[in-house]
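Following this message is one structure expressed as structure tokens.
The values are calculated or read from the model by the stated rules, or taken from the named source; none is laboratory data. Source: prediction; values computed, not measured. With ideal geometry, Cβ positions are generated from the backbone for all residues, glycine too; neighbour counts draw on all protein chains shown. The area values use the complete protein model at the heavy-atom level, side chains included, leaving out ligands, DNA and RNA. Shrake-Rupley method; radii C 1.70, N 1.55, O 1.52, S 1.80 Å.
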Amino acid sequence: MSFNTFGHMFRVTTWGESHGPALGATVDGCPPGVPLTEADIQPWLDKRKPGQNKFTTQRQEADHVRILSGVYEGRTTGTPIQLMIENTDQRSKDYGDIAQKFRPGHADISYHQKYGIRDPRGGGRSSARETAARVAAGGVARAALAQLVPGLSVTGYMVQMGPHKIDRARFDWDQIGENPFWVPDAVAANDWAVYLDDLRKAHNSVGAVIEVTARGMVAGLGAPIYAKLDTDLAAAMMSINAVKGVEIGEGMAAANLTGVENADEIRMGAQGPEFLSNHAGGILGGISTGQDVMVRFSVKPTSSILTPRQTVTVAGEEVDLITKGRHDPCVGIRAVPVGEAMMACVLLDHFLMDRGQTGGLRGVIG
């Protein structure tokens, strides 16, 4: 299986399967001299790890990260950083009944059609367990960004669960870490808890929309054509398990606007140009404007549910299938830190590319 690497200058290769002994990432291209320890990465993994509440899978994984190379005396050396996370709570027997059956909505059938062989234990390489490696790599990217772009922050949060959306008038950054859904709306958090608990008890699942915002951005990241910042952000988010759609700024809603409504007007402020709105999501012509960069992505409902679904076996027999095991009733919850990690990796990658091409040179306005 090829294509396990993403990034241009800051490159991340993930490896491992859901029920293997370990998984991890090889991070190449991180600048030397960045302060980095396992303690810098662990909080982001703790945010993603399973079993934290009744609304996520009850698989119990500590997700402790180990740095095996690329760091000396607490600083990166500029050589490849090897990150490893051990799997400690596999229950492969839960998947014995589906070894010859394809779970509807899952990658089982497409993997078999392509490779002629697959690991049925938790989905193997297609499992969302792989995202732990991305989050670890994102921790490295965050550490580097903290040194190179002080003041930059990347924050993800849920804005929709099933048909239920947040009220933007109640948006509160401080609420994001105060509920199990990473939602910036306290009222929505309470309502969603009842809604998702009912779905969970009914052996069902639901999709979600996650928004990731980078604040404290600098202008000039990206390129006009084939290395657009929004192109790489969209690809990064779309590569996350279960993601079926990505938007930048207004996204699809821009089709409902007129040119008068959509154009982000500009005035001169004390520190330079100031935009009066941000329909573009902080990116124009593939290049960051210095405004907040805003990306949204949708995730489909968890495919593995206890409600019988029609499918076929490898032999072509038609059967009904109940997928046993420990699964998230809404994968959007744990997709939030994954989206943050992918945003951090892409932003660092583009900062390094810009530094290599322009040396940080910027056009003067005013």
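With label points built 7 Å along Cα→Cβ from the Cα atoms of VAL194 and GLN357, find their separation and express it in nm.
So the two model labels end up 5.2 nm from each other.
Further, regarding this structure: In the P(r) worked out for the stretch 229-366, what percent of Cα pairs fall beyond 18 Å?
Values: 6438 of 9453 pairs.
Within the stretch 229-366, distances greater than 18 Å cover 68 percent of Cα pairs.
Further question on the same structure: For LYS228, give me every one of the aspartates and glutamates with a C-alpha distance below 18 angstrom, ignoring sequence neighbours fewer than eight places off in its own chain.
The qualifying aspartates and glutamates are GLU247, GLU250, ASP292, ASP349, ASP354.
For the pairs LYS47/LYS101; LYS114/LYS165; LYS49/LYS244, note any where the Cα-Cα span goes beyond 31 Å.
Values: LYS47/LYS101 33 Å; LYS114/LYS165 38 Å; LYS49/LYS244 22 Å.
Pairs exceeding 31 Å: LYS47/LYS101; LYS114/LYS165.
Go through VAL218, VAL187, GLY207 and say which Cα lies farthest out towards the positive end of the charge dipole of the stretch 148-223; charges sit on Cβ, +1 for Lys and Arg, -1 for Asp and Glu.
VAL218
Select from GLY116, GLY339, GLY290 the residue whose mean-square fluctuation is largest in a Gaussian network model of the chain (Cα-Cα springs shorter than 10 Å).
GLY116
At q = 0.16, 0.35 Å⁻¹, what is the log10 ratio I(q)/I(0) for the stretch 326-366, with the Debye formula run over Cα points and no solvent?
-0.60, -1.05
Distance from a point 7 Å along Cα→Cβ of HIS112 to each backbone N in the stretch 297-341: keep the residues under 13 Å and list them by number.
311-321
Can you give the three extents of the C-alpha atoms in the stretch 61-163 along their principal axes, from longest to shortest, in whole Å?
So the extents along the principal axes, rounded to whole Å, are 50, 39, 28.
Probe of 1.4 angstrom, ligands and nucleic acids ignored: what's the accessible area per residue over the chain, in square angstrom? Display every interim value, and only then the final one.
Numbers: 17150 Å² over 366 residues.
Averaged over the residues of the chain, the accessible area is 47 Å².
Right, next: Using bins 10 angstrom wide from zero, how does P(r) for the chain break down, in % of all Cα pairs?
Pair shares across the bins are 5, 23, 31, 25, 12, 3, 0, 0.
Could you tell me the accessible area of GLU274 in Å² (1.4 Å probe, neighbours in place), rounded to the nearest ten?
100 Å²
Another question, then. Length gain on complete extension for the stretch ALA255 to ASP320, per 0.36 nm per residue less the alpha carbon to alpha carbon distance? Can you show the working numbers first?
Details: separation 65, 0.36 × 65 = 23.40 nm, distance 4.13 nm.
Between ALA255 and ASP320, full extension yields 19.3 nm more.
In the stretch 183-255, which chymotrypsin sites (Phe, Trp or Tyr not before Pro) are in a loop and have at most 10 other Cβ atoms within 10 Å, using DSSP for the loop call?
On the way: sites: TRP192, TYR195, TYR226; in loops: TYR226.
Qualifying residues, ordered by number: TYR226.
Which net charge results when you count Lys and Arg as +1 and Asp and Glu as -1 among the other residues whose beta-carbon is under 11 Å from that of THR213? Mind showing how you got there, number by number?
On the way: positive: ARG215, ARG296; negative: GLU211, ASP292, GLU340.
Summing Lys and Arg as +1 and Asp and Glu as -1 gives -1.
Can you give me the % of accessible surface on the stretch 211-366 that is carbon or sulfur? Probe 1.4 Å, all protein chains present, nothing else counted.
Numbers: 4170 of 7520 Å².
Its accessible area is 56 percent carbon and sulfur atoms.
Over the stretch 209-260, what per residue volume does the convex hull of the Cα atoms give, in whole Å³? Please list the in-between numbers first.
Values: hull volume 6.7 nm³, N = 52.
Taking the convex hull of the Cα positions in the stretch 209-260, it is 129 Å³ per residue.
Given an 8 Å cut-off on Cα distances and at least 6 residues of separation, report the relative contact order of the chain as a percent.
Working: 774 pairs, mean separation 78.7, N = 366.
Relative contact order comes out at 22 percent.
On to the next question. What number, rounded to the nearest 500 deg cm²/dmol, is the helix-based mean residue ellipticity at 222 nm of the chain, given -39500 (n - 2.57) per DSSP H run of at least four residues and division by all its residues? Don't jump to the answer; show the numbers that get you there.
Working: 7 runs with 94 residues, N = 366.
Estimated from H runs of four or more residues: -8000 deg cm²/dmol.
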